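A.B. asks: Right, I'll just put the structure down here and ask away after.
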Amino acid sequence: MKKREFLQSFLLGAGGLSLLLPETKLFGFTLKKIGEMNGPLPQPEKKYFKEAYHYVTTIRGAECEMCPNYCIIRPGKKGSCRTRINQNDKLMTMAYGNPCAVHIDPVEKTPLFHFLPSSRAFSIATAGCVLSCLNCQNWDISQASPDETQNVELMPTAVVNECLANGCESIAYTYSEPTAWYEYAFDTAKIARAKGIKNLLISCGYINEKPLRELAQYIDAANINLKSFSDDIYIKLNGGQLEPIQRTLRILKEMGVWLEITNLIVPTWTDDMDMIRRMCQWLVKEDFTDCPLHFNRFFPLYKLTQLPATPNSVLEQARSIALQEGMKYVYVGNVPGTEYEDTFCPKCKKKIINRKGFTLLENNLKNGKCGFCGEKIAGVW
């Protein structure tokens, strides 16, 4: 196994993302790794095209209003997300019912630590992303177009049926960026909600207010990747801006979506402790203290292979700062075997959930409260 594949399978947990395996059969489908497919890449099929939501037609082309990029797409061209194409001044999504990744995951893998612990999520993704992070661990699909990946047909109703058939309590829109395949995620989430299935949004949060509010009506929990607390770093490292992500966090909280936040600490980029302190102070000021905060370890991937992995000491320091500033539940991810993936009561400080990787070894919650002192523990239990 190549080094990069090993690191990705480690980051994604046992079983890994199905796309990363040479050949995996899932739910009757066969997915192959891009580099190991035989013959030419599949051409886009019209049956996976659907008119995009949230765009306007202008004399310069179709202007997409899905995310803050506001791409103006000329006929025959794609937007920066690689999933939207202008066909005769009508904006179409190429990512509808054709996922390139399908998997069953423990909900902790998403990561959501305070939402239905030990439950299973039916995870899906298509190619595409609205950002272009230099450190992306799933760049094989996030920085690709649906006509460049090996896909299977799985329309929204089929996703829901497979979720039910496999005993999953939720559907996770994850791995790449759901905003890039919004129509597929939106329609699936709406059907899932009607069937009593929970919907999980795992996202960078780079989305405009109107489409976010429409989607959030059907989302039960979200993990938003707050990549840094600097506009300059967002532009250079991720190709985006900070303010839209702050707005996304506020809206999800306002609309009652259970929210957890991830911050990947990238050496020389986002390991500035003063910046991390400012980020935590903002989260406390905006009343996100009950939202679990996950500091994740960076591994050298994609365009930042020259960097080292994040030192454990840096992750521990970030966690300490977050707790000092008033965040109640702070975790360290991608470092298995430490107590920093366990849940501690913010009042009595005792360990109430003991985790090893994505597995719960012990759970001392009682009706959503600490089993030792009775303190209410924020979450959906």
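A.B. asks: Would you check if there is a residue in the stretch 297-317 being part of a loop (DSSP other than H, G, I, E, B), touching a strand residue (DSSP E or B) at 6+ places or on another chain (Cβ under 9 Å), under 30 Å from residue 169 (Cα atoms) and not small (Gly, Ala, Ser)?
C.D. replies: Checked against the condition, which is being part of a loop (DSSP other than H, G, I, E, B), touching a strand residue (DSSP E or B) at 6+ places or on another chain (Cβ under 9 Å), under 30 Å from residue 169 (Cα atoms) and not small (Gly, Ala, Ser), the stretch 297-317 yields at least one hit.
A.B. asks: If residue 172 meets every condition in (1) part of a strand (DSSP E or B); (2) more than 24 Å from residue 360 (Cβ to Cβ); (3) touching a Leu at 6+ places or on another chain (Cβ under 6 Å) apart from one, which number is that one?
C.D. replies: (2)
A.B. asks: Which pairs do you get when a residue that is under 13 Å from residue 46 (Cα atoms), found in the stretch 78-92, comes within reach of a residue that is at pLDDT below 95, reach meaning Cβ atoms under 6 angstrom, with the pair 6+ apart or on two chains?
C.D. replies: Listed by first residue and then by second, the contacts come to nothing, as the list is empty.
A.B. asks: Okay, moving on. So, in the stretch 129-168, exactly how many residues are within 24 Å of residue 77 (Cβ to Cβ), in contact (Cβ under 8 Å) with a residue 60 or more places away in the chain and in a helix (DSSP H, G or I)?
C.D. replies: Looking only at that region, the number is 6.
A.B. asks: Could you list, in sequence order, all residues of the stretch 239-268 that are free of Cβ contacts under 8 Å to residues at least 40 places away in the same chain and in a loop (DSSP other than H, G, I, E, B)?
C.D. replies: 242, 256, 268, listed by residue number.
A.B. asks: Check whether at least one residue in the stretch 195-203 is more than 20 Å from the chain's Cα centre (by Cα), surrounded by fewer than 20 Cβ atoms within 10 Å (Cβ to Cβ), at pLDDT 95 or above and assigned to a helix (DSSP H, G or I), and report yes or no.
C.D. replies: no
A.B. asks: For the stretch 292-320, which positions are hydrophobic (A, V, I, L, M, F, W, C), touching a residue at least 40 places away in the same chain (Cβ under 8 Å) and in contact with a Leu (Cβ under 7 Å, 6 or more places away or on another chain)?
C.D. replies: 298, 299, 301, 304, listed by residue number.
A.B. asks: Any idea which residue in the stretch 324-352 is modelled with the highest pLDDT, counting only those that are of a type in the set (Val, Ile, Thr) and outside any strand (DSSP E or B)?
C.D. replies: Taking the candidates together, the pick is 335.
A.B. asks: Which residues, taken from the stretch 104-163, are under 27 Å from residue 194 (Cβ atoms) and of a type in the set (Asp, Glu)?
C.D. replies: Correct list: 105, 108, 153, 162.
A.B. asks: Another question, then. From the list 180, 192, exactly one residue is more than 30 Å from residue 135 (Cβ to Cβ), part of a helix (DSSP H, G or I) and in contact with a Cys (Cβ under 9 Å, 6 or more places away or on another chain). Which is it?
C.D. replies: 192
A.B. asks: Consider only pairs whose beta carbons are under 6 Å apart and that are at least six residues apart or on different chains; among these, list those whose first residue lies in the stretch 100-112 and is under 15 Å from residue 167 (Cβ atoms) and whose second residue is assigned to a loop (DSSP other than H, G, I, E, B) and of a type in the set (A, V, I, L, M, F, W, C).
C.D. replies: Once the first residue is under 15 Å from residue 167 (Cβ atoms) and sits in the stretch 100-112, its partners that are assigned to a loop (DSSP other than H, G, I, E, B) and of a type in the set (A, V, I, L, M, F, W, C) give 106/358; 107/116.
A.B. asks: Consider the stretch 204-219. How many of its residues are part of a loop (DSSP other than H, G, I, E, B) and surrounded by 22 or more Cβ atoms within 10 Å (Cβ to Cβ)?
C.D. replies: Total meeting the criteria: 5.
A.B. asks: Run residue 237 past the list (1) under 19 Å from the mean Cα position of the chain (by Cα); (2) closer than 30 Å to residue 189 by Cα and report the number of the one that doesn't hold.
C.D. replies: (2)
A.B. asks: Further, regarding this structure: Looking at residue 300, is it at pLDDT 95 or above and more than 30 Å from residue 210 (Cα to Cα)?
C.D. replies: For residue 300, the condition - at pLDDT 95 or above and more than 30 Å from residue 210 (Cα to Cα) - is met.
A.B. asks: To continue, here is another question. Go over the candidates 276, 171, 245, 202 one by one and state the one that is in contact with a Gly (Cβ under 7 Å, 6 or more places away or on another chain) and aliphatic (A, V, I, L, M).
C.D. replies: The unique qualifying residue is 245.
The values are calculated or read from the model by the stated rules, or taken from the named source; none is laboratory data. Note that this is a predicted model, so its numbers are computed, not measured. Cβ: placed from backbone, ideal geometry, glycine included. Neighbour counts: every protein chain shown.
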